[in-house]
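Accompanying notes for the structure given below.
The values are calculated or read from the model by the stated rules, or taken from the named source; none is laboratory data. Quick caveat, the model's predicted, so the values are computed rather than measured. As a convention, Cβ positions derive from the backbone with ideal geometry for all residues, glycine included, and neighbour counts pool all protein chains shown. When the accessible area is computed, the model is the full protein with side chains, heavy atoms only, and any ligands, DNA or RNA have been set aside. Shrake-Rupley method; radii C 1.70, N 1.55, O 1.52, S 1.80 Å.
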Amino acid sequence: MAFGTLLSKCESINNPFTFSFTKHSIILAIMKEFILALDQGTSSSRAAIFDKEGSVLGLANKAYDLIFPKSGWVEQNPEDIWSSQMNAIDLLFEECSIDPEQIAAIGITNQRETSILWDKTTGKAIYNAIVWQDRRTAAYCRFLEKNRLGQHIKSETGLLIDPYFSGTKLRWILENVEGARELANRGRLLFGTVDAYLLWKMTGGKEHATDVTNASRTMLFNIHALEWDKRILEVMDIPRQLLPEVKMSTDEFGTFAYKGNEIPIKAIAGDQHAALFGQVCFEEGMAKNTYGTGCFMLMNTGEDKPKNRGKLLNTIAWGINSKVSYAVEGSVFIAGAAVQWLRDGLSLIDSVEQTEKFALESRKDSRVVLVPAFTGLGAPYWDSQAKGAIYGLEQNTGRPELIRATLESLAFQSRDLIDLMENESGYTLRTLKVDGGASSNNFLMQFQADILGKEVIRPAFTESTVFGIAAMVGISLGFWSQKEISSIVKTDRIFSPMMEDFERENRYANWKSAVSSTMAWKGKAL
């Protein structure tokens, strides 16, 4: 499915979820057995409707802009986040033959770590949302490391000290926005990641809450005790009263008044956690990789308390029926964003769909390597100061070679994560499940299989994030069991490795060399 399009009029789409009105489905509609799933992402907000059989009946998308005030700073207007999500809902109901009164419940999944602080009296944010990609708090993160808070944060929150996470973003707003600290001390302000902000707006200010998955991404939440960590809050001078109530992912989150209907909100989860669930990675050792603005790989590690791993993150996978499951995660900060850079920054392509064509036209002997460290490097390097670089340029290097190198960088970074995940978890992956926009690129998926030496499995419906939150709602409502969800998800294609071992390891060695050179470059910001 192409992004930015509407699957209109509830027509059958090219995935396993088909739709047709029957007498039975009309009866279901009257009984309110449809699910509205909201997916608030980094570059767009989406809304989808699913029926009780797990079929998607319509999908609407509204894009909006990122703001780049300074080098390394990434922001969004909170009102754009809100209006784009509401516009996506409106568009969906305009084009799809479903009435809002037929919706049984809503689920919300969201871009994680993006931080918003708003006035609970006026409902207005006091500063732009600071996006997960933002690196402005790098110096403060180094200060925390020097004060030996790193071990406590790693052991209790499962995370590394990094600008990626929400806690230092929240502190930056309190310290740098005029009047913010005073308002916070007076109890006027509320903090939330995007899910909490949307929930507060949708419930008319009645619910200030988040779920365990989103809380686990703030660098402020104890993932063992399932509560905000008092020591971290004290060190970072963050008032507890700012923070939302933390619930299970399939809890009661209030109701959304929409066109005269009070629709219950039954599930919330961070986007990557919802995708892990939507890819039915319900057993320990099962993993998925989502190719979105960034690349996010998660592996289910079960209900036992997580071990303190090295450069991987421990996170909460989901909270279902009062039970918490955990996962390990590795993050690539720039994935689809690098392809957008080809289009918007360099004007090498008119659309992301063209990248596959150009990559196939590139010189077979080209060894151009792009390291897209536009906002630093994530796992396993965790270098917040690294900058992007291109290696191996020759006089006959052209557009196809640069486009191919950009696509290959996504696969190389994903192998970095797989190697680390296998070494630190003790599990050996046989297959990798994939989803997200770039997973539709056959060149990229084949190269991913080649550079991993493992099968890559793409589902027929690649919108695993929005399906995952719908599945959580379905469980909350009693529509489905996890076993029944597994039977809904179908495979579109399996990519098997075709590259010789020697070439695979030679190509990967070139990538590692390029990354080392990038990290050693002396032109980093101070």
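Positive-end ranking of Ile130, Ile238, Ser83 along the dipole of the chain, with charges on Cβ about the Cα centre, is headed by Ile238.
Using DSSP to call loops (not H, G, I, E or B), can you name the GluC sites (Glu not before Pro) in the range 178-229 whose Cβ has at most 15 other Cβ atoms within 10 angstrom?
On the way: sites: Glu178, Glu182, Glu207, Glu227; in loops: Glu178, Glu207.
Passing both the DSSP loop test and the Cβ count: Glu178.
Under the combined filter of DSSP loop state and at most 12 neighbouring Cβ atoms within 10 Å, the range 430-514 retains these GluC sites (Glu not before Pro): Glu500.
Looking at the square roots a ≥ b ≥ c of the eigenvalues of the Cα gyration tensor of the range 473-525, which shape do they give, rounded for a/c under 1.5, prolate if a/b is larger than b/c, or oblate? Since a/c reaches 1.5 but b/c is at least a/b, the shape of the range 473-525 is classed as oblate. Its residues counted as N, the range 343-427 yields a C-alpha radius of gyration over 2.2 N^0.38 Å of 1.23. For the chain, the antiparallel share of DSSP beta bridges with both residues in that region comes to about 70%.
Full extension of the chain segment joining Asn176 with Asn396 gains 74.3 nm, where the gain is 0.36 nm per residue of separation less the Cα-Cα distance.
How large, in percent, is the carbon and sulfur part of the accessible surface of the chain at a probe radius of 1.4 Å?
Numbers: 9650 of 20170 Å².
Its accessible area is 48 percent carbon and sulfur atoms.
Just grab the label-to-label distance for Ser71 and Ser322, each label 7 Å out from Cα along the Cβ direction, in nm (one decimal). Rounded to a tenth, the inter-label distance reads 5.4 nm.
For a quick check of your reading of the filter: which trypsin sites (Lys or Arg not before Pro) in the range 64-139 sit in a DSSP loop and have no more than 11 other Cβ atoms within 10 Å? Don't skip to the answer; put the middle values down first.
Details: sites: Lys70, Arg112, Lys120, Lys124, Arg135, Arg136; in loops: Lys70, Arg112, Lys120, Lys124, Arg135, Arg136.
Loop-located and lightly packed - Lys70, Lys124.
Reported to two decimal places, what Rg/Rh ratio describes the range 405-526 when computed on Cα atoms with Rh from the Kirkwood expression? Across the range 405-526, the Cα-based Rg/Rh ratio is 1.07.
Can you give the extra length, in nm with one decimal, that the chain gains between Ala225 and Lys124 once fully stretched, where that is 0.36 nm per residue apart less the Cα-Cα distance? Value of the extension gain: 33.1 nm.
Is the shape of the range 61-101 rounded, prolate or oblate, going by the alpha carbon gyration tensor and its root eigenvalues a ≥ b ≥ c, with a/c under 1.5 for rounded and a/b larger than b/c for prolate? Judged from the Cα gyration tensor, the range 61-101 comes out prolate (a/c at least 1.5, a/b above b/c). Building the convex hull from the alpha-carbon atoms of the range 441-504 and averaging its projection over directions returns 4.9 nm². Give me the Debye-computed log₁₀ of I(q)/I(0) at q = 0.06, 0.10 Å⁻¹ for the chain, equal point scatterers on Cα only, no solvent, two decimals. Normalising to I(0) and taking log10 leaves -0.26, -0.76.
With protein chains left intact and a 1.4 Å probe, residues in the range 289-374 average 38 Å² of accessible area per residue.
Within a straight-line Cα-Cα reach of under 30 Å, Lys307 can be paired with the following lysines, leaving aside sequence neighbours fewer than 8 residues apart in one chain: Lys146, Lys154, Lys169, Lys230, Lys247, Lys288, Lys323, Lys433, Lys454, Lys483, Lys512.
Decide, for the range 154-247, between rounded, prolate and oblate: order the square roots of the alpha carbon gyration tensor eigenvalues as a ≥ b ≥ c, take rounded if a/c falls under 1.5, and otherwise choose prolate if a/b is larger than b/c, else oblate. Display every interim value, and only then the final one.
On the way: a/c = 1.74, a/b = 1.13, b/c = 1.54.
In terms of gyration-tensor shape, oblate.
Placing dummy labels 7 Å off each Cα toward the beta-carbon, the span from Asp99 to Glu422 is 5.6 nm.
Taking the helices alone, the chain has a mean residue ellipticity at 222 nm of -10000 deg cm²/dmol, built from -39,500 (n - 2.57) per DSSP H run of at least 4 residues and averaged over all its residues.
Hydropathy at least 1.0 by Kyte-Doolittle, axial extent at least 18 angstrom from the Cα trace: which helices of the chain, defined as entire DSSP H runs, fit?
Numbers: long enough: 78-95 (26 Å, -0.31); 399-425 (39 Å, -0.37); 464-477 (19 Å, 1.89); 501-520 (29 Å, -1.07).
Those that clear 18 Å and a mean of 1.0 are 464-477.
Spin-label model, Asp365 to Ser513: label points 7 Å out along the Cα-to-beta-carbon direction sit 1.7 nm apart.
For the chain, the dipole from Cβ point charges (+1 on Lys and Arg, -1 on Asp and Glu) about the Cα centre works out to 1080 debye, to the nearest 20. One compactness figure for the range 318-473 is 1.13, namely its Cα radius of gyration divided by 2.2 N^0.38 Å.
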